[in-house]
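Right, one structure below, let's go through it.
Just so it is clear, none of the values below were taken in a lab; they were calculated from the coordinates. A quick note: this is a predicted structure, and the numbers were derived from the prediction, not measured. Methodologically, a virtual Cβ is constructed for each residue, glycine included, from the backbone with ideal geometry; neighbour enumeration extends over all protein chains shown.
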Amino acid sequence: MRGMRMRRFGGPGVLEPAELPDPVAGPGEVVIEVSSVDVIFMETQVRRGTGFFTPPLPYVPGGAVGGRVAVLGEGVEAAWAGRTVVARTLAPEGVPAGGGYAARARCDAAALGALPPGLGLREATALAHDGPTAVRLFDNAVSGGSLRAGARVLVLAAAGGMGALLVQLAKAAGAQVIAAARGERKLALAAGELGADRVVDYSLPDWTDRVRRATGGRGVDVVFDGAGGKRGYEALETTAPGARFSAHGAPGGGFAEVTAGLAAERGITLAGIEQVQFAPDEHKLLLDRALFETAAGRLRPVVGQTYPLEAAAEAHEALESRTTLGKTLLTVG
């Protein structure tokens, strides 16, 4: 079957077309005939050899796909045959993710997300990673008492796949949302389609002052840091006493270096990547919720660009150059 693999770590060019063996469905598993593949920034870090895991080579990236169930493993209900679904892939043993940049992918039948009526496969695939994550981060902020009607919420990387969902969820909850991103195109998306109350370009040296001015000097009650690195650390300056700071993003060169001591000093609640380390059954419930919220029109993933499977290197290059809007998908077939 067609696929994209890497035989060494490095730049986007290490992704190369290859003829791969067809995956085999084991007990409780299915093989999906892939139509679209979710591409996330973490995959560019794994490709460079700087991600949170280092896979054995050769390696096929891709942690989530959308398509048609083509093969049923032993014990899988016959009703799944031929259904259109989205799911995380089953990577080779010992590797957290992989196998999705291919014409077929192996998945756990218990984790399949069936598409509700009216939801397209492209939009559903865009939710495969970011939907469960955004819903969990939102729920945690609500249950912690920080995100409520009238709360001031700052979303970093607001024009990315997950940031776009968080802006919408916070707005629907009655919050005042400040969207931070880089460049006019991304700010226009946040202010227009996503409905943010204010937008701030966080490439400007005084961006944190602009955020505080947007809150009348009081600071924000919630920070959803999807950027990490320097931008995430700077966002600490925008917080009000008692705020919640969710440090879950790392595209900026690692998670924001906000320690528990620093959070305590500023009187804020710090939440990290542990929030989105799901058990399989949790991921399934959150994925289904994101799919149904989207089908009902209460949530809308933004698919900004698609690339053919064989152009995966171009997709990675676009992500790393920060020129993408919303989600990036690969298309197969």
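Across segment 179-188, coupling constants 3J(HN,Hα) worked out from phi with the 6.51/-1.76/1.60 Karplus curve, θ = phi - 60°, read 9, 10, 7, 10, x, 5, 4, 6, 5, 5 Hz, and Gly and Pro carry x.
Bridgeable lysines around Lys186 (alpha carbons under 22 Å apart, same-chain partners fewer than 8 residues away excluded): Lys171, Lys230, Lys327. Under 5 Å from the amide H of Ser36 lie the amide H atoms of Gly66, Val332, each residue being 5 or more positions distant or on a separate chain, with H modelled from the backbone and absent for Pro and chain starts.
Phi angles across segment 296-305 convert, under the Karplus curve 6.51 cos²θ - 1.76 cosθ + 1.60 with θ = phi - 60°, into 3J(HN,Hα) values of 7, x, 8, 8, 9, x, 9, 9, x, 7 Hz, Gly and Pro given as x. When only the Cβ of Lys, Arg, Asp and Glu is charged (+1, +1, -1, -1), the dipole of segment 212-331 relative to its Cα centre reaches about 560 debye. Extension gain, Glu77-Asp201: 0.36 nm per intervening residue step, less the Cα-Cα distance, totals 39.7 nm. Using every pair of distinct Cα positions in segment 130-276, the Kirkwood expression returns a hydrodynamic radius of 14.5 angstrom. Ordered by the count of other Cβ atoms within 10 Å of each Cβ, fewest first, Trp80, Trp207 give Trp80, Trp207.
Note on Glu265 and Glu193: the extension gain reaches 22.2 nm, defined as 0.36 nm multiplied by sequence separation minus the Cα-Cα distance. Remark: Ser203, Ser143, Ser36 ranked as Ser143, Ser203, Ser36, counting other beta-carbon atoms within 10 Å and listing the fewest first. The share of Cα pairs per 20 Å bin across the chain, counted from zero up to the longest distance, runs 33, 56, 11, 0 percent. Computed on the Cα trace of segment 1-79, the radius of gyration divided by the Kirkwood hydrodynamic radius gives Rg/Rh = 1.03.
Taking other C-beta atoms within 10 angstrom as a stand-in for reagent exposure, Val220, Val76 fall in the order Val76, Val220, fewest first.
Taken along the Cα-to-beta-carbon direction at a fixed 7 Å, the label points for Phe9 and Ser321 span 2.5 nm. Using θ = phi - 60° in the Karplus curve 6.51 cos²θ - 1.76 cosθ + 1.60, the 3J(HN,Hα) couplings for segment 140-146 round to 5, 5, 5, 5, x, x, 7 Hz; x is entered for Gly and Pro. When the Cα positions of Phe255, Ile178, Gly232 are compared along the charge dipole of segment 130-276, Ile178 comes out farthest toward the positive end, with charges on each C-beta of Lys, Arg, Asp and Glu. Spatial offset of segment 194-234 relative to segment 253-327 amounts to 18 Å, using the alpha carbon center of each.
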